[in-house]
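These notes are about the structure you will find just below.
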Amino acid sequence: MKCDTANAAAVKFGKYGGLFVPETLVQPIMELAQAYERLRSSDDFKDELAGLLRNFAGRKTPLYHARNLSRELGCKTYLKREDLVHGGAHKLNNTLGQALVAKRMGKTRLIAETGAGQHGVATAIVGANLGFETQVYMGEVDIERQKMNVYRMELMGAEVIPVRSGSRTLKDAINEAMRDWAASFEHTHYLLGTAAGAHPYPTMVRDFQSVIGLEAREQILEAEGCLPDSIVACVGGGSNAMGIFAPFLTDDVRLLAVEAGGRGPGKTDRTADNGASLGYGSNGILHGALTKILQDPYGQILESYSVAAGLDYPGVGPELAYLAETGRVQPKMADDRTAIRGFRALSKLEGIIPALESAHAVGYALSEPGALGEMAIINISGRGDKDLATVMDYENL
């Protein structure tokens, strides 16, 4: 493994983050970091991205006062409606930004990984819209439970490549995408979907997703004249959580990061049976960064589990690991049963079917309403159409 210590020191979050990659990936990562650093301050780039977010993605998304859920929780609750972004999830915020970076770097091909399929769909969307050849790596397990999203990707011209190695889920899809990128970076951009991995990805993805929190901050001040007591978001790798948390980091607002608690008791030494890296993880290197990961005493990565494919990942972004260690973000968990309860409750109470990932945040709120204070924002990171078959199967067990 290669660690470029001079660059890594500049991008660490406390002791987390950095650049720990094979030699073959150092050049494309450094080229990407330099291009992003140049473009992030370009007014022309920012204007082009803002126009696409507004006119194509459909931003701003509403901050909705969920009156019925508020009564259920005994707390005034707002929902940040990322489920209304074009494509059905927050993922398009990041894919638009990265695709524009790739375009200005002269790349002609996009590759991506996906678990729940929403990032794959968002990558297929920008590939079609901006004229890229697009291929998406997806674990066989996730292909089976997200067939509709696979069809959506293919409908928009993306090729979905099944990953049959390892646990055949998100971790393995990332591994395969990184191998591809190492061999094809001269014309290919790896469009990573979460705020994890080596620099510059955690910073770049957080920046592109922070539009969520910037809007929410402005909207809650307009609606209430003050900030909320708490913000709740689900966490897999951390893109939607960092997106809504980042603009509130210096405020007196409780930030609650809800991870996948899995099926509950019954862990073995080769499976974590959850996706709770902040809650159960220890320090290790995964996909190019030092962060919190699920591993055994010998440093072997454990197979994570969640009913929500997007939370089925044995690590977390390094900035979230740092924020949890310093106490600024509070890690919480919701198991499958709690998530299904959140899924059904929001559907019935508000007529909003959330993604199973977001349902973990809703389920946690229903289980621990006292943690929210008097006013809260829950980030609904995506819509739940993709998860209907999964929920039906779960309830028929």
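The values are calculated or read from the model by the stated rules, or taken from the named source; none is laboratory data. Since we're looking at a predicted model, the values are computed, not measured. Note: ideal-geometry Cβ built from the backbone for every residue, glycine included; neighbour counts use all protein chains shown.
Might you let me know whether the stretch 227-236 holds any residue that is under 20 Å from Y16 (Cβ atoms) and touching a Lys or Arg at 6+ places or on another chain (Cβ under 6 Å)? Within the stretch 227-236, not a single residue is under 20 Å from Y16 (Cβ atoms) and touching a Lys or Arg at 6+ places or on another chain (Cβ under 6 Å).
Of A334, A308, all but one fail to be closer than 20 Å to R263 by Cβ and either in contact with a His (Cβ under 6 Å, 6 or more places away or on another chain) or among the charged types (D, E, K, R) (or both); the exception is A334. Would a scan of the stretch 371-383 turn up a residue that is surrounded by fewer than 24 Cβ atoms within 10 Å (Cβ to Cβ) and assigned to a helix (DSSP H, G or I)? Yes, the stretch 371-383 has at least one match. Looking only at residues of the stretch 153-199 that are farther than 17 Å from G115 by Cβ and of a type in the set (G, A, S), we find that the one that is surrounded by the most Cβ atoms within 10 Å (Cβ to Cβ) is A198. The residues in the stretch 214-239 that are of a type in the set (A, V, I, L, M) and either buried (at least 21 other Cβ atoms within 10 Å of the Cβ) or touching a strand residue (DSSP E or B) at 6+ places or on another chain (Cβ under 6 Å) (or both) can be counted, and the count is 6.
Between G261, G236, G213, G275, the distinction of being in contact with a Phe, Trp or Tyr (Cβ under 7 Å, 6 or more places away or on another chain) and more than 30 Å from E31 (Cα to Cα) belongs to G275 only.
Name the residues in the stretch 243-279 that are under 24 Å from A309 (Cβ atoms), among the hydroxyl-bearing types (S, T, Y) and either touching a helix residue (DSSP H, G or I) at 6+ places or on another chain (Cβ under 7 Å) or at pLDDT 95 or above (or both), would you? Matches in the stretch 243-279: S277 only. What single numbered condition from (1) more than 29 Å from G197 (Cα to Cα); (2) among the aromatic types (F, W, Y); (3) not in a helix (DSSP H, G or I) fails to hold for Y394? With (1) more than 29 Å from G197 (Cα to Cα); (2) among the aromatic types (F, W, Y); (3) not in a helix (DSSP H, G or I) applied to Y394, the lone miss is (3). Filtered by the rule that a residue be at pLDDT below 90 and over 26 Å from M392 (Cα atoms), the stretch 146-185 gives S165, G166.
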